[in-house]
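Below you'll find the structure, written out as C-alpha cells, and then a few comments.
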C-alpha cells in the first residue's frame, strides 16, 4: 500500500495530510478558523461548515504539494465520517468521495476518536497492544481501554463538559480570545496553582467518569471579582491544577483497575504543559509508562485519519462509496452504546 | 464535448449529461437529507452516459441559493471531482440561471414550484411546494433549467474560463439581499 490522503473536518479545523505505509507523515496541513468564531466565544456550526467548504480544496492541494505528490500518486482516500459537527463532517465526506470517484481510488471512512487513539499509536508502536487511552479535547473526554486495534471499551467519560470546553470557557472569563486552551496554559505558567482551592469534581466518587461543568462556576465567580488582570495567572494556574489533578488521578486509577501498565494521552488537551509533566511523573511512581502524543498530532489533524486508514487497509479494510456522515457513531464494538459526550 | 450539469438546490438532486448531441437526465434517490441524492445523481449520470470523470470537459452546477447542506455537498463534491479528474468546473447562481431563461423567453418552473413566464423571473429559494412530488416528477420540472445550465457550461468552456475547482463557492441568499451579488 502506498500513500493515503486523509481529510478531517470534525469541528472547526480543515485538515488534509499524506501518510505513507510506515505511518510517516509526509505532509499535514491544518487550516484553523479562529477569526471566524472568536466573536462568539465558541464554534458556530453553520459558519464552521461554510469555512470548511471554502478552503477544503486549497488545503487538500497544499497537503499534496507539501508531500511533493499529485493525486495520481495516492493509493487511497480516507476521511472522518463518524464524529463531530454534522455540517462540518459532510464537507469532508463529500470532498473525500469526490476525490475517490475522480480517480477510482479506495475510500476508507474512520472514526475521529479512534483516529485520536491512533495518533498515540503512530508515536509508539507498543500501543498496538493493550493500553488505556485518555482522549481529551474540546469535543470529547473519555478513558478508553484499548484491548487491541478496533477493540475499544469506554470505561470513563464526561457527564457534561469536556476538559477542553472548560479551558475555553475559563479563558473567556479571563478575557482571553477563543479558543483559549493554549493561552490559559501559558497564563498558568506565570501563576500560583495554590492561590485558589477550586473543586476537583468527581475525584473521589469511585467511578472513572468526569464532570467539568461544575468547576466553571467557582472559577467564573473568582474571575469576576478580579480587580485587574494581574490576578488572572493565579486563577488560570489554580483552575488548570484542578483539571489536571482529576485527569491524572482518573487515568492512573483506570490503569490500576484494569491491570494495564501502558497509558496514552491524545486530543487537544494533551498539549497542556502541566498534564504532560504530571501524568508521566505520577505514572512512573506506579510503574506505568505514558506515551504523550506529539502536539502536532494532538489537536485535530488529518495525519491521524490517514494513519488509521493505512492500518485498516493493511488489515484488509474494504473501500466503500456508500458512506454517510454519522457524527454520533459508537466507538468500537464493545462500546456500542457509547456516544463520546453523552452522559449515562 | 461532454458536460455534466448538477442542481442540488431543490427537493431532489438532479443532473444532466450532454455528450455530442445527446442529453441524458438523472435524478438522485431520496436519502437522508439530500446527501445520497447528490452522489447518486452524479454517479447515475456518468454511468448512463458511460463516461468516466476524466472524460468530462466541464462540470457546471447551481451554487445556490438553496438547501444549505445539499448545495454545500454539491459544491464540495463537484470541486473535488473536478480537481481529481482535471476537469473545469463552473458555478452559476440560481438567479443567474433564472435570468438567462427569462431573457430567452423560456417559461420554467422555479424552486417555489410555480411557472415563471417571460418578464416575471423570480427564482425562489425554498422547496416547500415540491414536498409531495416524487423524484421523477421533480426532474420533469427541471429539464429546461438543466438544459440552460448545460448551455452555460458550453459557453464558459468555449470562452476559455478557467473553472478552477479551488475557487468554487456556494451562493447564499443573503448575498443577494445585501446586494453583494446583484
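The values are calculated or read from the model by the stated rules, or taken from the named source; none is laboratory data. The model shown is predicted, which means the values in this text are computed figures rather than measured ones. Note that we place each Cβ from the backbone using ideal geometry, even for glycine, and neighbour counts take in every protein chain shown.
Laid out as a table, the results:
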| item | result |
| --- | --- |
| Flag if residue A:62 is modelled with pLDDT under 95 and closer than 21 Å to residue A:298 by Cα | no |
| Exclusive hit being more than 18 Å from residue B:133 (Cβ to Cβ), surrounded by fewer than 24 Cβ atoms within 10 Å (Cβ to Cβ) and out of contact with any helix residue (DSSP H, G or I) (no Cβ under 8 Å at 6 or more places or on another chain), set B:88, B:19, B:48 | B:48 |
| Criterion (assigned to a helix (DSSP H, G or I) and modelled with pLDDT of 95 or more) met by exactly one of A:30, A:55 | A:55 |
| Test set (1) modelled with pLDDT of 95 or more; (2) outside any loop (DSSP other than H, G, I, E, B) - residue A:208 fails condition number | (2) |
| Subset of the range A:72-88 that is in a loop (DSSP other than H, G, I, E, B) and away from every other protein chain (no Cβ under 13 Å) - its residue that is surrounded by the most Cβ atoms within 10 Å (Cβ to Cβ) | A:84 |
| Meets criteria (out of contact with any helix residue (DSSP H, G or I) (no Cβ under 9 Å at 6 or more places or on another chain) and either surrounded by fewer than 22 Cβ atoms within 10 Å (Cβ to Cβ) or in a loop (DSSP other than H, G, I, E, B) (or both)) for residue A:126 | yes |
| Some residue of the range A:305-321 being over 30 Å from residue A:104 (Cα atoms), at pLDDT 95 or above and part of a helix (DSSP H, G or I) | no |
| Hits in the range A:197-210 (condition: farther than 15 Å from residue A:274 by Cβ and crowded, with 18+ Cβ neighbours inside 10 Å) | A:201, A:202, A:208, A:209, A:210 |
| Matching residues, the range A:253-282, being outside any strand (DSSP E or B) and in contact with a helix residue (DSSP H, G or I) (Cβ under 6 Å, 6 or more places away or on another chain) | A:267, A:268, A:269, A:270, A:271, A:272, A:273, A:274, A:275, A:278, A:279, A:282 |
| Count of the range B:135-150 residues which are surrounded by 22 or more Cβ atoms within 10 Å (Cβ to Cβ) and either outside any helix (DSSP H, G or I) or without any contact (Cβ under 8 Å) to a residue 24 or more places away in the chain (or both) | 1 |
| Any hit, the range A:174-181, residues being touching a strand residue (DSSP E or B) at 6+ places or on another chain (Cβ under 7 Å), crowded, with 19+ Cβ neighbours inside 10 Å and farther than 30 Å from residue B:55 by Cα | no |
| Matching option when the condition is closer than 30 Å to residue A:146 by Cβ, modelled with pLDDT of 95 or more and crowded, with 20+ Cβ neighbours inside 10 Å, among A:237, A:261, A:254, A:283 | A:254 |
| Test: residue in the range B:13-25 that is modelled with pLDDT of 85 or more, more than 14 Å from every other protein chain (Cβ to nearest Cβ) and part of a helix (DSSP H, G or I) | no |
| Residue B:173, sole failed condition from (1) out of contact with any strand residue (DSSP E or B) (no Cβ under 7 Å at 6 or more places or on another chain); (2) at pLDDT 80 or above | (2) |
| Number of positions in the range A:89-110 that are part of a helix (DSSP H, G or I) and at the interface with chain B (Cβ under 10 Å from one of its Cβ atoms) | 14 |
| Some residue of the range A:36-53 being facing chain B (nearest Cβ under 10 Å), touching a residue at least 60 places away in the same chain (Cβ under 8 Å) and surrounded by 23 or more Cβ atoms within 10 Å (Cβ to Cβ) | no |
| Filtered residues of the range A:16-36 (kept if out of contact with any helix residue (DSSP H, G or I) (no Cβ under 7 Å at 6 or more places or on another chain) and within 28 Å of residue B:70 (Cα to Cα)) | A:30, A:32, A:34, A:35 |
| Residue under evaluation residue A:153, criteria (1) surrounded by fewer than 20 Cβ atoms within 10 Å (Cβ to Cβ); (2) touching a strand residue (DSSP E or B) at 6+ places or on another chain (Cβ under 7 Å); (3) under 26 Å from residue A:44 (Cα atoms), criterion not met | (3) |
| Test for residue A:121: is it more than 14 Å from every other protein chain (Cβ to nearest Cβ), over 29 Å from residue B:87 (Cβ atoms) and in contact with a helix residue (DSSP H, G or I) (Cβ under 6 Å, 6 or more places away or on another chain) | yes |
| Residue, modelled with the highest pLDDT, within the range B:48-60, restricted to residues that are assigned to a helix (DSSP H, G or I) and away from chain A (no Cβ under 11 Å) | B:55 |
| Flag if residue A:69 is farther than 21 Å from residue A:267 by Cβ and at the interface with another protein chain (Cβ under 10 Å from one of its Cβ atoms) | no |
